[in-house]
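Read the structure below first, then the notes.
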Amino acid sequence: MDEVLLIKQAQEGDKKALTELVKNYEKTVFNFAFKICRNPERAENAMQETFFSMVKSLKQFDGKSKLSTWLYRIVTNHCLMELRKKKNNYISLDDEENNLPDGALIPDWSSVPSDIMENTELKNILDDAINKLSPDYRAVFILRDVNGLSTEETGQITELSIPAVKSRLHRARAFLRNEISKVINK
Amino acid sequence: MKNNDVTCKDVMDHICESLGEELDSPKCIAIKFHLNECTQCQNYFKSVGKTIEFYKLYEIEMPEESHKRLMKKLGLGDS
């Protein structure tokens, strides 16, 4: 069914329409939360909080943005709040001028296999690398590069300007690449 | 250049976007010329593309139990 109609029906109290909307987005929200939190329990918690907020304030949803953008904003805020509570020693990239390797020979990664889901060691490397990245940078990287949202949408969700999204994205990519490279090129 | 799913165009889009440049801007064209000649840069940008690909592929299946708990929390049926 058309999403606009589903939203209208759900706003008028139709539980079937609301259930349909939740089902349409639950996997996307869960997977996004997992990619930010790197933990299935925390991802489930973030998903529950996101849809709880959606149900509470659906009547205020005016349709000016896409429902997916609205949900991404809620789940991003929730995940960032949780990560900030942990007070990890995230690496700050705010003052990084440039993450490019200087002078050293850069190995060719063509032979590195991509079968990530079969490779526990590689998964651990990816988790370790992204867990060092500060939450704000992490969210921009996942929204834009991993989930494929536009720069504009990423800016709306994170409340960052377009240049700020681009700058964070560039630094996050370089940081993650360099962290993974330390292990892969050993 | 073709490396798995990452193409030259992907790499160029990423670089130029990071720099806030249009794809046909003089700076972007100059970068493209340099990239064609420089193995070091090619390796670097291929590895950035591969990094993104790794994180895209790293997903988990949402457990059925998570779906049931969500429906229960929201007080929704599951028909």
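The values are calculated or read from the model by the stated rules, or taken from the named source; none is laboratory data. Since the structure is predicted, the reported quantities are computational estimates derived from the model, not experimental observations. Counting neighbours? That spans all protein chains shown, and the Cβs are built from the backbone with ideal geometry, glycine included.
Annotations for the structure displayed:
Here is a yes/no grid of residues against (1) modelled with pLDDT under 90; (2) out of contact with any Leu (no Cβ under 7 Å at 6 or more places or on another chain); (3) not charged (D, E, K, R):
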position	(1), (2), (3)
A:Asp115	yes, yes, no
A:Asp127	no, yes, no
A:Gly148	no, yes, yes
A:Thr154	no, no, yes
A:Ile184	yes, yes, yes
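- Single match in A:Met81, A:Met47 (criterion: at pLDDT below 95, of a type in the set (A, V, I, L, M) and within 29 Å of A:Lys132 (Cβ to Cβ)): A:Met81
- Conditions (1) closer than 28 Å to A:Ile157 by Cβ; (2) at pLDDT below 90: number failed by A:Ile142: (2)
- The set of residues in the range A:154-176 being more than 9 Å from chain B (Cβ to nearest Cβ), outside any loop (DSSP other than H, G, I, E, B) and surrounded by fewer than 20 Cβ atoms within 10 Å (Cβ to Cβ) consists of A:Gln156, A:Ala164.
- Subset tally (residues that are hydroxyl-bearing (Ser, Thr, Tyr) and touching a residue at least 60 places away in the same chain (Cβ under 8 Å)) for the range A:150-164: 1
- Yes/no for B:Glu61 being surrounded by fewer than 16 Cβ atoms within 10 Å (Cβ to Cβ), modelled with pLDDT of 85 or more and either assigned to a loop (DSSP other than H, G, I, E, B) or in contact with a Gly (Cβ under 8 Å, 6 or more places away or on another chain) (or both): yes
- Restricting attention to the range A:1-35, the residues that are of a type in the set (Phe, Trp, Tyr) and over 16 Å from A:Cys79 (Cβ atoms) add up to 0.
- Residues in the range B:29-48 that are within 9 Å of chain A (Cβ to nearest Cβ) and in contact with a helix residue (DSSP H, G or I) (Cβ under 6 Å, 6 or more places away or on another chain): B:Cys41, B:Ser47, B:Val48.
- Cβ-Cβ distances below 6 Å connect the following pairs, each with a first residue in the range A:165-186 that is more than 17 Å from B:Lys46 (Cβ to Cβ), a second residue that is crowded, with 21+ Cβ neighbours inside 10 Å and among the basic types (Lys, Arg), and a separation of six or more residues or different chains: A:Leu169/A:Arg144.
- B:Phe54 vs. criteria farther than 18 Å from A:Ile142 by Cβ and among the aromatic types (Phe, Trp, Tyr): no
- When A:Ser111 is tested against (1) modelled with pLDDT of 90 or more; (2) surrounded by fewer than 14 Cβ atoms within 10 Å (Cβ to Cβ); (3) more than 26 Å from A:Leu160 (Cβ to Cβ); (4) of a type in the set (Ser, Thr, Tyr), only condition (1) is not met.
- Members of the range A:123-149 found to be free of Cβ contacts under 8 Å to residues at least 60 places away in the same chain and within 13 Å of the chain's Cα centre (by Cα), listed by number: A:Leu133, A:Ser134, A:Asp136, A:Tyr137, A:Val140, A:Phe141, A:Arg144, A:Asp145, A:Gly148
- The condition of being outside any helix (DSSP H, G or I) and surrounded by 15 or more Cβ atoms within 10 Å (Cβ to Cβ) holds for A:Leu93.
- In this structure, B:Lys72 does not qualify as buried (at least 19 other Cβ atoms within 10 Å of the Cβ), part of a helix (DSSP H, G or I) and at pLDDT 90 or above.
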